[in-house]
Amino acid sequence: PFVARELKTVEENFCQHFAEYGNATLAYQYAYGTTYNSARTNASRKLTDDNIKLRVQEIKEHFATMISQSKDKTIKDLLDAAEEAKMLNRFADYAKLRDMVIKMCGFYEPVKTDVTSGGEKITIKLDLGTDKED
């Protein structure tokens, strides 16, 4: 079974930079202070190290958790503000705040698709979030 070893400081710096920016060559240059060509060669080798892969995955999971918690807190704050607006009979503000929450959750986003008409590319925008009757 794989047993992780403690990383050296330069390896940790490489992992942090790579996890944040996604460019192994630049992460290697940042951590080790090498030339671009040397970094390009060595970075790909570094990414085959199981300890490095594990640490990068841990860092990415930490980032994902932080982002999720921030989004959840923002949504909760918007919902609280919406309820307060509703209690104050500020229904336009209430509706706008609820709409912001809906958009943050990914609902009712316009769907765009590219099609061609007579050989020319056109874009059609469908807004699936409205239920208006004409």
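Out of all Cα-Cα pairs in the range 24-77, roughly what percent, to the nearest whole number, are more than 19 Å apart?
Counting every Cα pair in the range 24-77, those more than 19 Å apart make up 47 percent.
Residue separation times 0.36 nm, minus the C-alpha to C-alpha distance between LEU7 and LYS60: what's the value?
Details: separation 53, 0.36 × 53 = 19.08 nm, distance 1.66 nm.
Working it through step by step, the gained length comes to 17.4 nm.
Of the cross-linked pairs LYS46/LYS71; LYS73/LYS103; LYS60/LYS103; LYS8/LYS53; LYS60/LYS96, which ones have a Cα-Cα span greater than 22 Å in the structure shown? Walk me through the intermediate numbers first.
Details: LYS46/LYS71 33 Å; LYS73/LYS103 15 Å; LYS60/LYS103 25 Å; LYS8/LYS53 14 Å; LYS60/LYS96 33 Å.
As for pairs spanning more than 22 Å Cα to Cα, those are LYS46/LYS71; LYS60/LYS103; LYS60/LYS96.
Every read-out reported here was derived from the displayed coordinates using simple, explicitly stated rules and does not represent laboratory data. This one's a predicted model, so the numbers in the text were calculated from it and none came from an experiment.
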